[in-house]
Amino acid sequence: MMLGALSIAARSHRTPTVRLASLALRTYSTRPHEDAATAPKKDEEPEPLRKGIQLDIDASSLVDAQSISAPEEEGSSKKRTNAKARSDAPGASDGWARVRTQLSIAGALLFAAGTVWMLGRDLDEKEHEIFHGQEGLDSFLGRLRLRFKQLTNSMTEPKWEVLLPDPLPYPYSRPYTLVLDLDQLLVASSWSPAHGWRTAKRPGLDYFLGYLSQWYEIVLFTTQTFAQLEPVLDKLDPDRRYIAYQLFMESCRLHNGKLVKDIRHLNRDPRKVIMIDINPDHVSLQPENAIVMQPWKGDKNDRELLGLVSFLDAIGIYGVSDVRTTLKAYEGKYIPVEYPKSEMLSKQRQEEEWRAKKQHSGGLTSMFGSVTPGSTGSEPPTSFLDSERKRFLQGYLEDQKFWRVNGETLRKQMREEQEKQMKEMSMSAWDGLSQLFRGPPPPPEAAASASDSPQPATP
């Protein structure tokens with residue numbers, strides 16, 4: 001009887017107590033039996049014993065054998081628990097799940113059918129102007145194709161067809177447009193537990209923007225959002241002296257799954273536009289207008305941005321008619337490094353030619369004096385490029401001096417003007433809200449008669 005109770009418990013429980021019962025059953029089965037017929041067969045051994053599993057039992061888990069559960073007798077009270085019986089039969093929850101799935105599928109089909117109908121419906125007056133002259137206007141499928149194409153273009157094209165206003169009139173206009181990226185080209189950001197996020201300007205950035213703004217209309221064009229860059233922009237050009245316009249992610253377009261900058265939407269002559277970026281994908285639509293630089297990681301000794309100045313101001317000084325031709329000459333070369341080298345070699349060749357001519361002329365130069373403008377006789381003459389650079393550098397220094405002297409006064413005037421505009425805007429909003437509650441003003445005749453009517457005397 002004890003053997004039967006232990007076997008039942010072993011089949012119905014998975015507790016340390018059952019492990020003890022299994023061990024007891026194993027010990028009992030190894031004893032010699034008086035009746036061989038009642039001895040357990042090998043095939044009927046418990047599974048842990050057939051697999052040779054060792055049972056490690058803690059002494060604290062030893063309990064009396066009577067505490068092991070046994071089959072309940074009829075009429076015995078059953079103890080209720082929170083456990084729920086498992087059933088393989090489908091219940092009400094499975095039925096509701098199927099209903100929800102069917103409703104979702106039906107809703108998706110109805111939405112798809114409604115979308116197809118909306119795209120293929122008849123054109124209104126505005127759409128007739130948009131699709132005028134295109135094929136398929138008289139058929140459902142044709143209108144569906146045209147509207148679907150317009151929808152996909154709205155997701156891949158910039159939010160606006162024209163990103164910049166018309167160029168300013170002379171003398172405020174600039175002959176060229178310089179489109180600059182921001183992150184890791186002009187600034188670099190880093191994070192540390194002690195200081196959090198910190199942003200540093202690239203060495204020579206202020207000079208780069210101020211000096212080149214004499215030839216270039218500078219446009220900041222980034223694939224990031226304005227909310228991310230607003231604090232940086234306030235520090236980059238606080239007086240808005242150099243950066244004429246700012247374009248952000250919504251001004252980009254999607255091409256092959258990547259954000260790109262399309263200068264065809266800038267409202268500028270592409271022969272006069274230069275893009276500087278660190279990502280070739282951003283300028284993949286017009287690589288002939290682009291200079292791709294290596295990312296700046298915050299090196300304080302970096303001089304590559306300044307290495308571009310001599311290349312860009314030479315374009316402005318010589319008045320290059322098509323910048324794409326000049327950029328093509330440096331295709332496959334890293335311009336911040338290669339152009340200063342080529343300019344130095346060109347200058348050395350000019351000096352050697354001047355010295356050779358001087359030696360060949362003999363004493364004519366000393367007799368009649370220097371015949372080359374800018375030449376002192378013993379030194380090579382100043383080239384046109386160097387003389388123009390000196391002139392424009394002087395203009396940049398004078399502008400810096402003017403802002404050092406008058407900058408605070410101008411900033412104060414700008415703040416006062418902004419406060420005045422904000423006050424006028426708030427007053428206009430309050431007047432509109434008040435008018436909403438007071439109702440429309442009286443007609444002019446009624447207002448005049450009301451003002452002319454006699455007022456009661458004050459006692």
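The values are calculated or read from the model by the stated rules, or taken from the named source; none is laboratory data. All values derive from a computational prediction rather than experimental measurement. Cβ coordinates were reconstructed from backbone atoms using ideal geometry, including for glycine residues, and neighbour counts include every protein chain displayed. Side chains are part of the model used for accessible areas, which takes the heavy atoms of the whole protein and leaves out ligands, DNA and RNA. Shrake-Rupley method; radii C 1.70, N 1.55, O 1.52, S 1.80 Å.
If packing is taken as the mean number of other Cβ atoms within 10 Å per residue, what is the order of 177-184, 234-241, highest first? Can you show the working numbers first?
Details: 177-184: 22.2, 234-241: 13.0.
My ranking of the peptides, most packed first, is 177-184, 234-241.
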Give me the compactness ratio for the stretch 176-342, meaning the Cα radius of gyration over 2.2 N^0.38 Å.
1.01
Ignoring any ligand, DNA or RNA, what whole percent of the accessible area of the stretch 176-342 comes from carbon and sulfur when the probe is 1.4 angstrom?
52 percent
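Can you give the FRET efficiency for residue 334 and residue 416, using 1/(1 + (r/R0)^6), R0 = 45 Å, r = Cβ-Cβ distance, to the nearest 0.05?
Working: r = 48 Å, r/R0 = 1.06.
Here the calculated transfer efficiency is 0.40.
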Over 30 Å between Cα atoms, which of 201/412; 235/297; 258/333; 235/401; 261/390 qualify?
261/390
Amide H of residue 291 versus every other amide H placed in the peptide plane: which residues, excluding those fewer than 5 positions away on the same chain, fall under 5 Å?
275, 276, 277
Cut-off 14 Å between beta-carbons: net charge of the residues surrounding residue 418, Lys and Arg +1, Asp and Glu -1
0
